[in-house]
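Trainee: Submitted below is the structure of interest, expressed as structure tokens.
The values are calculated or read from the model by the stated rules, or taken from the named source; none is laboratory data. Everything quoted here is computed from the prediction, not taken from an experiment. Here the Cβ positions follow ideal geometry from the backbone for every residue, glycine too, while neighbour counts run over all protein chains shown. SASA here: full protein model, heavy atoms, side chains in, ligands and nucleic acids out. Shrake-Rupley method; radii C 1.70, N 1.55, O 1.52, S 1.80 Å.
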Amino acid sequence: MTSAIETAARVRAGEGRAADVLEEHLARIAAHESEVHAFNLVLVEQARAAAAAVDEAVAAGRDPGRLAGVPVALKDNLCTRGIPTTCSSRILDGWKPPYDATVVRRLVDAGAVIVGKTNLDEFAMGSSTENSAFGPTRNPHDLGRVPGGSSGGSAAAVAAGFAALGLGSDTGGSIRQPASLCGVVGAKPTYGLVSRYGLVAFASSLDQIGPFGLDVADAALLLDVIAGPDSLDSTCMPDPPVQASSRLGAGVDGLRVGVVEELASAEGLTPPVGICLREAAEALAAAGAKVDEVSVPATVYGLSAYYLIAPAEASSNLARYDGVRYGKRIVPSPDADLTEMYLATRSEGFGAEVKRRIMLGTYALSAGYYDAYYGQAQRVRTLILRDFEAAYRDFDVLLAPTAPGSAFPLGEKTADPLLMYLNDVCTVPSNLAGHPAVSVPFGTDHAGLPLGVQVLAPALGEAVMFQVAAALEAAAPAPPVPAMRRMGGPA
Amino acid sequence: MTAMSRRITTEGRISAKEVAHVARLARLRLTDEELERFAEQLGAVLEHARDVEQLDTAGVPPTAHPLPLVNVLRDDAVVPCLDRDEVLAQAPEVEDDRFRVPRILGEAP
């Protein structure tokens, strides 16, 4: 597989055709998508038309853009005009958004070729992509295992070579955890760096769109393409965006790296994760960084606070699925009234995990409990922000595990929601703080399955975060490559 | 607000009856089996959240969202909006350019 940066350079220079790049990826999809189920929808004809347009532009002497001819997979909670956007939920059956998400416009404007809409846990609620109304996605490294989630389809698509880049959304780890389990790079940017116009909302104070790539430079480039102000999203920062790619290759000499004690010893971590984290820290020290342990005490409350705040916001956001304006409507009997229509539509349209989170959130916001749960979780959020702030007085970036373990077998955690939620223990603090974090492949478990290490940075610290991520990548053992990705095309 | 909805049991768990109350608030119709299962599962999550519940946060202000932005404004310029017909085409039922819904007022119980 060629990197996205190399592909775009060759296409822009007229040394390779976008159409050929696309066909290589479509051939892998044709051969292996039935095993992986990364996509809810593959956009074969639209992608061919987009690739042809890129090639025509090059032939006519116009620059198609920084992602010229690069195939990209979109998580299916990003709106695409006139193309079904399902959130892997039955309640959006038949819905075709009347507009494109801002990130989709920016991809198209940069010459990217959108190959399809990828599977996710319903409304991005889950850590395994098993909560999809359309069935689970499987991990390209081992088809008996999950790809992680909720952006499991995009992570699997990139790992399998179905697309060179992917977009996901990360509310509590939904980009970084599947990136770790699939052996790819995945980043959650600073809250407010990327427009969320056209991202179907889950928990609005936490959601961010972010990139997947096979390497750090590709992921940073994709972030640079999608970042920046947008008049259609008032939660998007109005300032010119930071340049994620600006310090790649600068090394880590003299940088201060703190290993977060509380996350390095978090609940449920498996031994290989600790080993990889230690090796990653040693590798950075060997490259010249000043590495030390650091305590960020309030992060131990992150998971509990997250599983009060995110469901509370979700219960409010998902009130819009009422069968009135779009999507599914179920009228249980000819004389049913509005309330009966709401009940039937929502009860049949939502899956079990979505109902569970709506229930949890409604409970946490209900009279008599609001302050004990939601209000208290918001105060804990302040404590987490303060503790990170203190840590960043002494350190440029922080290091932590991404997920508690490698990819787990399908079905292993579906019966126990709390066990599934524990997947997010090391990722949620960054969402609560609004800070960026990236997962970089670093080592494997005893079965050869990939593991990731997280680099965390303060708000708008993307440049130094990717700088350290690139150094980690350079020092990491070569990550495993799924057999299906080796198929076809230049190596 | 009923006395029931204020009660936090000694285990921090919630009863099937409370789950049924919350389901009504959330406009979800749950089966008896779902009520029992959700009571147990939500109880386990709330039990895990006891560390947060019991933390002393006196004097700590809440953080609702992490961005220091207030009152983001744009120029008050006329720009094209979504096409009405395209939006209405997505609705389950439409009448006279409006969303049509089942009757709102039921028969008196």
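Trainee: Within segment A:319-326, is there a residue that is open to solvent by 10 Å² or more (accessible area, probe 1.4 Å), within 7 Å of another protein chain (Cβ to nearest Cβ), small (Gly, Ala, Ser) and in a helix (DSSP H, G or I)?
Mentor: Of segment A:319-326, the ones open to solvent by 10 Å² or more (accessible area, probe 1.4 Å) are A:319-322, A:324-326.
Remaining after also requiring within 7 Å of another protein chain (Cβ to nearest Cβ): A:324-326.
Next cut, small (Gly, Ala, Ser) only: none.
So far as segment A:319-326 goes, no, none of its residues is open to solvent by 10 Å² or more (accessible area, probe 1.4 Å), within 7 Å of another protein chain (Cβ to nearest Cβ), small (Gly, Ala, Ser) and in a helix (DSSP H, G or I).
Trainee: Checking the condition over 16 Å from A:Val103 (Cα atoms), crowded, with 20+ Cβ neighbours inside 10 Å and modelled with pLDDT of 95 or more, which residue from A:Gly274, A:Gly258, A:Gly254 passes?
Mentor: Values: A:Gly274 fails: crowded, with 20+ Cβ neighbours inside 10 Å; A:Gly254 fails: crowded, with 20+ Cβ neighbours inside 10 Å.
The match here is A:Gly258.
Trainee: Would you please name the residue that is nearest to the other protein chains (Cβ to nearest Cβ), looking only at residues in segment A:288-309 that are over 23 Å from A:Phe202 (Cα atoms), open to solvent by 10 Å² or more (accessible area, probe 1.4 Å) and not in a loop (DSSP other than H, G, I, E, B)?
Mentor: The residue in question is A:Val300.
Trainee: I would also like to ask the following. From the residues in segment A:369-391 that are among the small types (Gly, Ala, Ser) and more than 7 Å from chain B (Cβ to nearest Cβ), which one is surrounded by the most Cβ atoms within 10 Å (Cβ to Cβ)? Even if it seems obvious, please write down each step before you answer.
Mentor: Our first condition is that a residue be among the small types (Gly, Ala, Ser); within segment A:369-391, this holds for A:372, A:375, A:377, A:390-391.
So of that shortlist, the ones also more than 7 Å from chain B (Cβ to nearest Cβ) come out as A:390-391.
Values: A:Ala390: 15, A:Ala391: 20.
Among those residues, the one meeting the criterion is A:Ala391.
Trainee: Here is a further query. Would you check which residues across segment A:345-363 are more than 7 Å from chain B (Cβ to nearest Cβ), in a helix (DSSP H, G or I) and not charged (D, E, K, R) and list them?
Mentor: From segment A:345-363, those more than 7 Å from chain B (Cβ to nearest Cβ) are A:345, A:348-354, A:357, A:361; that's our starting set.
Restricting the remaining residues to those that are in a helix (DSSP H, G or I) gives A:345, A:348-349, A:352-354, A:357, A:361.
A:Thr345, A:Gly349, A:Ala352, A:Val354, A:Gly361, listed by residue number.
Trainee: With the requirement that a residue be open to solvent by 10 Å² or more (accessible area, probe 1.4 Å) and touching a Cys at 6+ places or on another chain (Cβ under 6 Å), what does segment A:159-206 give you?
Mentor: Matches in segment A:159-206: A:Val200 only.
Trainee: Sticking with this one: Which ones in segment A:109-125 are in contact with a strand residue (DSSP E or B) (Cβ under 7 Å, 6 or more places away or on another chain) and assigned to a helix (DSSP H, G or I)?
Mentor: Of the residues in segment A:109-125, the ones in contact with a strand residue (DSSP E or B) (Cβ under 7 Å, 6 or more places away or on another chain) are A:112-120, A:124.
Residue satisfying the conditions is A:Ala124 alone.
Trainee: Can you work out which of the residues in segment B:23-43 that are more than 7 Å from every other protein chain (Cβ to nearest Cβ) and part of a loop (DSSP other than H, G, I, E, B) is nearest to A:Glu340 (Cα to Cα)? Step through it out loud before you land on a result.
Mentor: Start the filter on segment B:23-43 by keeping residues that are more than 7 Å from every other protein chain (Cβ to nearest Cβ), which leaves B:24, B:30-37, B:39-40, B:43.
Narrowing further to those that are part of a loop (DSSP other than H, G, I, E, B): B:30-31.
Values: B:Leu30: 13, B:Thr31: 15 Å.
Ranking the qualifying residues of segment B:23-43, first place goes to B:Leu30.
Trainee: Of the conditions (1) facing chain B (nearest Cβ under 7 Å); (2) open to solvent by 10 Å² or more (accessible area, probe 1.4 Å); (3) over 26 Å from B:Leu46 (Cα atoms), A:Ala336 clears all except one; give me its number.
Mentor: Looking at each condition in turn, A:Ala336 falls short on (2).
Trainee: Continuing with this model, one more query. Contact list please: Cβ distance under 9 Å, first residue in segment B:44-61 and within 17 Å of A:Leu419 (Cα to Cα) and facing another protein chain (nearest Cβ under 7 Å), second residue assigned to a loop (DSSP other than H, G, I, E, B) and open to solvent by less than 50 Å² (accessible area, probe 1.4 Å), pairs at least six apart or on different chains.
Mentor: So the pair list comes out as B:Ala49/B:Gly12.
Trainee: A:Gly249 is checked against (1) touching a Gly at 6+ places or on another chain (Cβ under 8 Å); (2) away from chain B (no Cβ under 11 Å) and fails just one. What number does that condition carry?
Mentor: (1)
Trainee: Checking the structure you have, find out if any residue of segment A:393-411 is touching a residue at least 24 places away in the same chain (Cβ under 8 Å) and within 10 Å of chain B (Cβ to nearest Cβ). Steps first, please.
Mentor: Kept after step one, since they are touching a residue at least 24 places away in the same chain (Cβ under 8 Å), are these residues of segment A:393-411: A:394-411.
Narrowing further to those that are within 10 Å of chain B (Cβ to nearest Cβ): none.
Looking for residues that are touching a residue at least 24 places away in the same chain (Cβ under 8 Å) and within 10 Å of chain B (Cβ to nearest Cβ), one finds none in segment A:393-411, hence no.
Trainee: A further question on this structure: When only residues in segment A:130-186 that are among the hydroxyl-bearing types (Ser, Thr, Tyr) and assigned to a helix (DSSP H, G or I) count, which is nearest to A:Pro417 (Cα to Cα)? Break it down into steps so the answer makes sense when it comes.
Mentor: Step one: filter segment A:130-186 for residues among the hydroxyl-bearing types (Ser, Thr, Tyr), giving A:132, A:137, A:150-151, A:154, A:169, A:171, A:174, A:180.
Now narrow it down to the ones that are assigned to a helix (DSSP H, G or I): A:154, A:180.
On the way: A:Ser154: 23, A:Ser180: 21 Å.
Filtering segment A:130-186 for residues that are among the hydroxyl-bearing types (Ser, Thr, Tyr) and assigned to a helix (DSSP H, G or I), the one nearest to A:Pro417 (Cα to Cα) comes out as A:Ser180.
Trainee: Collect the residues in segment B:69-109 that are of a type in the set (Val, Ile, Thr), surrounded by 10 or more Cβ atoms within 10 Å (Cβ to Cβ) and at the interface with chain A (Cβ under 7 Å from one of its Cβ atoms), keeping them in residue-number order. Can you show your working first?
Mentor: Narrowing segment B:69-109 to residues of a type in the set (Val, Ile, Thr): B:70, B:72, B:78-79, B:87, B:94, B:101, B:104.
Now narrow it down to the ones that are surrounded by 10 or more Cβ atoms within 10 Å (Cβ to Cβ): B:72, B:87, B:94, B:101.
B:Val72, B:Val87, B:Val101, listed by residue number.
Trainee: Quick test for you: out of A:Ala415, A:Ala312, pick the one residue that is part of a helix (DSSP H, G or I) and more than 7 Å from chain B (Cβ to nearest Cβ).
Mentor: When all the criteria are applied, what remains is A:Ala312.
Trainee: Please specify each residue of segment A:37-74 satisfying the condition of being among the acidic types (Asp, Glu) and either buried (at least 23 other Cβ atoms within 10 Å of the Cβ) or out of contact with any helix residue (DSSP H, G or I) (no Cβ under 9 Å at 6 or more places or on another chain) (or both). Spell out how you get there, then give the answer.
Mentor: Narrowing segment A:37-74 to residues among the acidic types (Asp, Glu): A:45, A:55-56, A:63.
Across segment A:37-74, the qualifying residues are A:Glu45, A:Glu56.
Trainee: May I pose another question? Given the condition within 14 Å of chain B (Cβ to nearest Cβ), of a type in the set (D, E, K, R), touching a residue at least 40 places away in the same chain (Cβ under 8 Å) and farther than 25 Å from A:Thr2 by Cβ, answer yes or no: does some residue in segment A:445-461 qualify?
Mentor: Checking segment A:445-461: not a single residue is within 14 Å of chain B (Cβ to nearest Cβ), of a type in the set (D, E, K, R), touching a residue at least 40 places away in the same chain (Cβ under 8 Å) and farther than 25 Å from A:Thr2 by Cβ.
Trainee: Do we find that A:Lys117 is out of contact with any Lys or Arg (no Cβ under 7 Å at 6 or more places or on another chain), open to solvent by less than 10 Å² (accessible area, probe 1.4 Å) and not hydrophobic (A, V, I, L, M, F, W, C) in this structure?
Mentor: Details: out of contact with any Lys or Arg (no Cβ under 7 Å at 6 or more places or on another chain): yes; open to solvent by less than 10 Å² (accessible area, probe 1.4 Å): yes; not hydrophobic (A, V, I, L, M, F, W, C): yes.
In short, yes.
Trainee: Also, quick follow-up: Just to be sure before I move on: is A:Ser366 open to solvent by 10 Å² or more (accessible area, probe 1.4 Å), within 7 Å of chain B (Cβ to nearest Cβ), closer than 16 Å to A:Ile91 by Cα and polar (S, T, N, Q) in the structure I sent?
Mentor: no
Trainee: A:Phe350 fails exactly one of the following numbered conditions: (1) free of Cβ contacts under 8 Å to residues at least 40 places away in the same chain; (2) more than 24 Å from A:Glu267 (Cβ to Cβ); (3) of a type in the set (Phe, Trp, Tyr). What is the number of that condition?
Mentor: (1)
Trainee: Could you say whether any residue in segment A:418-441 is assigned to a strand (DSSP E or B) and open to solvent by 10 Å² or more (accessible area, probe 1.4 Å)?
Mentor: Initial filter on segment A:418-441 (assigned to a strand (DSSP E or B)): A:437-441.
With the extra rule that they be open to solvent by 10 Å² or more (accessible area, probe 1.4 Å), the set shrinks to A:441.
Checked segment A:418-441: at least one residue is assigned to a strand (DSSP E or B) and open to solvent by 10 Å² or more (accessible area, probe 1.4 Å).
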